[in-house]
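The next block holds one structure in the form of structure tokens; read it before the comments.
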Amino acid sequence: MSKKQQIRQYVQSIQNRKARFEYTIIDTIVTGIQLLGSEVKSVRLGKASLNDSFAIIHHGEIWLENMQITPYEHNHIDKLEPKRSRKLLLHKAEIRKIQAKIQEKGLTLVPLKAFFTAKGILKIELALAKGKKLYDKRETIKSRENERQMQQLKKQY
């Protein structure tokens, strides 16, 4: 397999599909993430997951918890923990604004997706989100089903 074919094989982005169902998204922020070389290679191959992950603010820094990155199979030097805490890269002023919103309104930081920029840098899209109640989730399901039915009717006519 040539180098160009390998590059095309890489994943474009990793989504956290549960987040939009479980939370009401209020605002989004794009941040950088601090990774080791073998972790970047593993993410490029699509061996990462954002399910059940969240971000916390600890000592003026934002940390991403529970992001699963399967160790790169050809890396024999470093033995990395798949669900270790990873630092997100933001300016201090941005972190202070986020922290104020979280404390004031009782919001949560949830990662929505991880993607590579045109320069090949991995970015994380974080969301300030509020948890949905059970009846809100039911409403979401109903509206989705209604939308599907409307699309099917449009196709028939």
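The values are calculated or read from the model by the stated rules, or taken from the named source; none is laboratory data. Quantities reported herein were computed from a predicted structural model and do not represent experimental measurements. So basically every Cβ, Gly included, is an ideal-geometry build from the backbone, and we count neighbours across all protein chains shown.
Odds and ends about this structure:
- Within region 95-127, the set of residues being of a type in the set (A, V, I, L, M, F, W, C), surrounded by fewer than 19 Cβ atoms within 10 Å (Cβ to Cβ) and over 24 Å from ARG44 (Cα atoms) comprises ILE95, ALA100, ILE102.
- Odd one out for LEU107, checked against (1) within 14 Å of THR31 (Cα to Cα); (2) touching a helix residue (DSSP H, G or I) at 6+ places or on another chain (Cβ under 7 Å): (1)
- Given (1) under 19 Å from the mean Cα position of the chain (by Cα); (2) under 21 Å from ARG20 (Cα atoms); (3) loosely packed, with under 10 Cβ neighbours inside 10 Å, index of the condition LEU134 fails: (1)
- Residue count for region 33-90, restricted to those that are over 18 Å from the mean Cα position of the chain (by Cα), over 23 Å from LEU109 (Cα atoms) and either loosely packed, with under 15 Cβ neighbours inside 10 Å or of a type in the set (D, E, K, R) (or both): 7
- Total residues in region 91-133, condition over 12 Å from ILE62 (Cβ atoms), touching a residue at least 12 places away in the same chain (Cβ under 8 Å) and not aliphatic (A, V, I, L, M): 12
- For region 110-136, a tally of residues being farther than 22 Å from SER49 by Cβ and touching a helix residue (DSSP H, G or I) at 6+ places or on another chain (Cβ under 9 Å) returns 1.
- Total residues in region 92-107 satisfying the condition of being in a loop (DSSP other than H, G, I, E, B) and within 14 Å of LEU126 (Cβ to Cβ): the figure is 1.
- Of the residues making up region 59-77, not one is in a loop (DSSP other than H, G, I, E, B), of a type in the set (D, E, K, R) and within 16 Å of GLY32 (Cβ to Cβ).
- Flag for VAL110 being in a strand (DSSP E or B) and modelled with pLDDT of 85 or more: yes
- Considering residues of region 78-90 that are in contact (Cβ under 8 Å) with a residue 24 or more places away in the chain and assigned to a loop (DSSP other than H, G, I, E, B) only, the residue farthest from ASN51 (Cα to Cα): ASP78
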